[in-house]
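What follows is one structure encoded as structure tokens, with my remarks underneath.
The values are calculated or read from the model by the stated rules, or taken from the named source; none is laboratory data. Only a predicted model underlies this, so the values are computations on that prediction, with no experimental measurement involved. All Cβ positions, glycine included, derive from the backbone under ideal geometry; neighbour counts span all protein chains shown. Accessible surface is based on the protein model in full, side chains and every heavy atom, while ligands, DNA and RNA are left aside. Shrake-Rupley method; radii C 1.70, N 1.55, O 1.52, S 1.80 Å.
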Amino acid sequence: MRSQGHGCLLRRRGWLVLIAAAGVYLAFALTNLSVPGPNYDEVADAIPALELLRGEAPASALKQVVVFGQPLPLMMSHYIGPTSTYISLLGFLLFGPSIESLRLTQTLLGLVTLFLLWQLARTWFDDQTASLAALLAATAPVFIWWHRAGIFFASPMLPLSLGMLLALTHWWRSRHGAALIAACFLFGLGCTTKLLFAWWLIPLGITALFGLGIGRIRARLPGRLTFALAGVACLAGLSPLLVHNIPNLDTLSFIAQNLIRSQLYGHNNLDFFNNLRFQAEQFFRLMGGDTLEFNAPAALPLAGFAFVASAGHVMASLKQTDVNARLPRLFAVVSVLTIIPLATFSVSSIGGRHLFILLPIAVILIACALVDNMRRLSGRPVRHLPLGLLGALVLNNLVANFAIWQFFAQSGGRGLWSDAINRTAEVLATTFAGRPIVAMDWGFERSVALLTKGQVRLREAYEYTQSPSARFAELSTVLLRESAHVYLFHAPQVTAFSGHWPVFQRAALTMRRELVQTHVIVERDGTPHTLIYEARPMPRLFDQPALRNPRHAWVGDGLELLGGDVSYDPTSREVSVMLYWRAHSDSLPDDTVLVHIVNQSTGEVVAIGDAQPFYGHYPFSGWQAGEVVATPYWVVLPADLPAGVYQVRVGVYDAQTGQRHRIADPKNDAAGDSLMLQTFALP
């Protein structure tokens with residue numbers, strides 16, 4: 001028996017509800033498209049489209065293919081295809097290249113998703129369920145704000161998923177081969193868009209096996225021609241991914257390299273239960289209205305609890321429905337129960353955005369449970385309870401969306417979503433026009449490229465790790481040789497990959513370069529966001545600085561050791577030594593500074609850090625009489641040193657002969673022509 005009143009209205013006015021839902025969605029999604037600031041990953045796949053518009057080769061793509069002499073993007077990474085790139089290209093052609101047009105295009109794609117969601121719910125159930133699903137989706141904060149920044153969340157997978165499921169449903173019910181062919185093409189295209197689209201095979205297979213059985217599946221198998229055409233269609237959708245993997249199977253090799261632990265972020269795929277708990281929590285939060293990525297206000301988690309209750313209700317109803325009504329319910333539940341565990345595996349990192357693909361199915365599941373209860377309670381005193389719950393869910397979503405809109409309008413976004421990147425791009429395009437600019441952290445290059453319409457392109461010089469390798473130190477040295485370079489760092493609280501600044505700072509100090517901060521770009525509340533530096537040669541100094549440990553020892557003829565400082569870092573087991581000198585001659589020889597670490601108990605030399613001043617970048621021969629120079633040295637201690645007190649002994653010797661220069665030390669602690677500077681304790 002069908003429910004009356006509001007149920008009949010929803011059935012008769014389904015299109016009107018859809019239009020109203022779309023209006024609400026667009027009202028929020030199209031408001032002030034410039035905020036928050038463009039995130040690197042949000043615009044990453046759009047940059048090849050920008051390059052094509054500028055008549056350039058799409059160098060930002062991982063791999064290109066030449067079609068009629070025109071290079072085109074083939075794959076953006078080993079597991080992400082060019083779907084978002086070509087959607088962005090269409091948007092740029094229609095609206096011009098900008099962050100606003102990119103978000104407008106993604107928002108319109110969300111409108112397509114909303115229609116397909118409504119149509120799928122209508123096909124699986126009825127107009128009433130479709131209307132509720134559209135209303136819940138269109139007001140869900142995650143649906144609105146994640147679609148607006150769609151590339152970041154791989155939003156094209158949603159319309160591809162819904163289109164595939166619609167086509168499969170139509171084929172199953174009508175046995176029209178064209179529908180199966182379309183579904184297979186969309187599946188192939190979805191896997192090309194992002195490889196995790198293949199997750200759908202698991203819930204589809206389980207639903208077919210347990211919902212239909214082997215006998216019914218065999219009875220519905222398509223003919224050979226349809227089967228062959230469906231296979232060809234699937235291969236056509238997969239073609240960019242297939243071409244990318246010929247002949248070296250690059251995607252499979254990449255997955256194999258990251259099978260246990262991802263090389264990029266160190267995600268441990270074997271830690272299944274902790275990963276499962278994290279992903280389940282992420283899904284509950286996104287269903288509850290938390291946008292997760294933006295640090296924006298979150299809704300009360302009413303929809304999260306509604307989803308849990310709805311999933312329980314639908315599971316309990318599986319035995320009470322016929323096969324056509326049972327299959328969509330079974331598929332919805334199985335999808336959630338399988339894809340969340342599947343999302344614990346990643347070749348990069350895990351998070352809620354990998355579960356965005358489940359949102360339409362989860363929303364349909366809630367709508368299904370609400371309609372079931374409307375019908376079950378029809379004619380009873382509590383018949384308005386499901387409608388009241390619907391109203392509470394929608395109102396909660398609307399309040400949350402208004403709060404998010406206010407947050408963006410006031411803050412411009414925070415962290416790696418801050419519109420401080422817009423001001424950074426403006427400074428780079430004006431103050432540093434024509435200068436080579438180097439991004440020393442993730443989050444700059446692609447955003448700046450789009451904001452400046454490709455006029456400013458940055459060189460990226462960082463590693464995807466919190467502990468940069470020796471190669472980064474070598475690269476820093478190479479970069480610092482070019483005085484025209486401009487360097488971009490994030491402020492510490494915004495930095496994506498920390499550890500680069502101290503390595504770069506040491507390289508600059510080693511080369512006697514002074515890192516001068518020319519600009520501090522702040523967020524709207526004054527929080528530092530971007531730090532811009534130039535590396536300039538250190539000026540010659542002739543005034544003696546205040547010394548914590550003065551020594552005034554004479555070394556050979558014409559060189560005075562004014563003093564020195566020693567520090568020990570137990571984490572890196574590294575001793576840092578800073579020596580302060582005064583030259584008393586314009587013609588000092590190119591001698592080497594002796595820096596020895598000595599066990600005070602045994603007199604054994606346990607580590608050596610001998611080097612010319614500034615590791616050869618500013619030797620003694622370049623100093624002027626009267627000049628005061630501070631030279632740094634770093635010595636890494638062996639891992640097996642016993643605890644105790646250790647001395648830092650310094651001196652100067654001729655590198656050719658090994659002859660040490662005599663030392664006149666006021667403290668008379670220069671035995672063997674090496675001066676005992678300071679001691680430190682090794683615990």
**OP:** Scan region 274-288 and report the pairs whose first residue is without any contact (Cβ under 8 Å) to a residue 40 or more places away in the chain and whose second residue is of a type in the set (A, V, I, L, M, F, W, C), with Cβ atoms within less than 6 Å and a gap of 6+ or a chain change.
**Re:** G288/A303
Original post:
Got at least one residue in region 535-542 being under 24 Å from T592 (Cβ atoms), touching a helix residue (DSSP H, G or I) at 6+ places or on another chain (Cβ under 7 Å) and open to solvent by 50 Å² or more (accessible area, probe 1.4 Å)?
Top reply: no
Original post:
Hey, any hits in region 365-378 for a residue that's farther than 24 Å from T31 by Cα, without any contact (Cβ under 8 Å) to a residue 24 or more places away in the chain and open to solvent by 10 Å² or more (accessible area, probe 1.4 Å)?
Top reply: yes
Subject >> Condition check for R540: touching a residue at least 40 places away in the same chain (Cβ under 8 Å), closer than 30 Å to V494 by Cα and touching an Asp or Glu at 6+ places or on another chain (Cβ under 8 Å) >> reply: no
Original post:
Which ones in region 307-335 are of a type in the set (D, E, K, R), open to solvent by 30 Å² or more (accessible area, probe 1.4 Å) and without any contact (Cβ under 8 Å) to a residue 40 or more places away in the chain?
Top reply: K319, D322
Original post:
Does I404 satisfy the criteria of being under 30 Å from Q257 (Cα atoms), surrounded by fewer than 23 Cβ atoms within 10 Å (Cβ to Cβ) and under 25 Å from the mean Cα position of the chain (by Cα)?
Top reply: no
**OP:** Among the residues of region 443-493, write down those that are of a type in the set (V, I, T), part of a helix (DSSP H, G or I) and either open to solvent by less than 30 Å² (accessible area, probe 1.4 Å) or touching a Phe, Trp or Tyr at 6+ places or on another chain (Cβ under 8 Å) (or both).
**Re:** V448
Subject >> Filter result (within 17 Å of L242 (Cβ to Cβ) and buried (at least 21 other Cβ atoms within 10 Å of the Cβ)) within region 55-73 >> reply: A61, P73
**OP:** Note down all Cβ pairs under 6 Å where the first residue falls in region 54-73 and is farther than 18 Å from V43 by Cα and part of a strand (DSSP E or B), the second is of a type in the set (A, V, I, L, M) and open to solvent by less than 60 Å² (accessible area, probe 1.4 Å), and they're at least six residues apart or on different chains.
**Re:** Q64/L74; V65/L72; V65/L74; P71/A57
Original post:
In region 2-39, what count of residues is obtained for those that are open to solvent by less than 30 Å² (accessible area, probe 1.4 Å), small (G, A, S) and at pLDDT below 90?
Top reply: 3
Subject >> Check on Y618, touching a residue at least 60 places away in the same chain (Cβ under 8 Å) and out of contact with any His (no Cβ under 8 Å at 6 or more places or on another chain) >> reply: yes
Subject >> region 97-153: number of residues that are closer than 25 Å to F307 by Cα, part of a helix (DSSP H, G or I) and charged (D, E, K, R) >> reply: 3
Subject >> Residues (open to solvent by 10 Å² or more (accessible area, probe 1.4 Å), in contact (Cβ under 8 Å) with a residue 60 or more places away in the chain and under 16 Å from W146 (Cα atoms)) located in region 93-111 >> reply: E100, L104, L111
Subject >> Residue in region 628-683 that is modelled with the highest pLDDT, counting only those that are outside any strand (DSSP E or B) and basic (K, R) >> reply: R662
**OP:** Mind listing whichever residues of region 188-210 are under 26 Å from the mean Cα position of the chain (by Cα) and either without any contact (Cβ under 8 Å) to a residue 60 or more places away in the chain or in a helix (DSSP H, G or I) (or both)?
**Re:** G188, L189, G190, C191, T192, T193, L195, L196, F197, A198, W199, W200
Subject >> Tally of residues being aliphatic (A, V, I, L, M) and open to solvent by 50 Å² or more (accessible area, probe 1.4 Å) across region 205-216 >> reply: 3
